[in-house]
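Notes to accompany the following structure.
The values are calculated or read from the model by the stated rules, or taken from the named source; none is laboratory data. In this text, all values refer to a predicted model and were calculated from it rather than measured experimentally. Here the Cβ positions follow ideal geometry from the backbone for every residue, glycine too, while neighbour counts run over all protein chains shown. For accessibility, only protein heavy atoms count, side chains too; no ligands or nucleic acids. Shrake-Rupley method; radii C 1.70, N 1.55, O 1.52, S 1.80 Å.
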Amino acid sequence: MARIIEIEAYLDGQIVNLFRADGFDRGHATGSTAYNLSAGGRSSIHAMNAVVITPICPFTLSNRPIVGG
């Protein structure tokens with residue numbers, strides 16, 4: 001049975017956001033860029049040491065992609 005999942009995103013031990021969505025995509029400069037863009041996420045340049053977390057079909061429209069490093 002399909003259900004909405006809750007995902008807690010932490011950075012350096014502190015909670016950044018709580019996602020309620022069908023899933024999420026984790027993208028970085030060297031991979032998953034196309035999947036992340038198709039889910040409404042962002043791309044990052046190769047020189048950045050960052051990860052992009054994008055909720056897939058979020059429960060609320062206020063859940064936006066997060067870029068963390």
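Some points to look at:
- Per residue accessible area of the chain, 1.4 Å probe, in Å²: 72 Å²
- Which of Ile15, Ala50, Asn63, positive extreme of dipole for the chain (C-beta unit charges): Asn63
- Charge dipole of the chain (Cα centre as origin; +1 on each Lys and Arg Cβ, -1 on each Asp and Glu Cβ, all else neutral): 140 debye, rounded to the nearest 20.
- Residues whose placed amide H lies under 5 Å from that of Val16, excluding near-sequence neighbours: Ala9, Tyr10, Leu11
- Within the shell of other residues whose beta carbon sits under 12 angstrom from the beta carbon of Val67, the net charge comes to +3, with Lys and Arg scored +1 and Asp and Glu -1.
- Two-decimal log10 I(q)/I(0) for the chain, as the Debye equation yields it once each C-alpha is a single scatterer, q = 0.14, 0.18, 0.20, 0.28 Å⁻¹: -0.40, -0.65, -0.79, -1.26
- Ranked from largest to smallest solvent-accessible area, with a 1.4 Å probe on the protein heavy atoms, Val52, Val16 come out as Val16, Val52.
- A Förster distance of 30 Å, applied to the separation of the beta-carbon atoms of Met48 and Ala2, puts the FRET efficiency at 0.30.
- Percent accessible area from carbon and sulfur atoms, the chain, protein chains only, probe 1.4 Å: 55 percent
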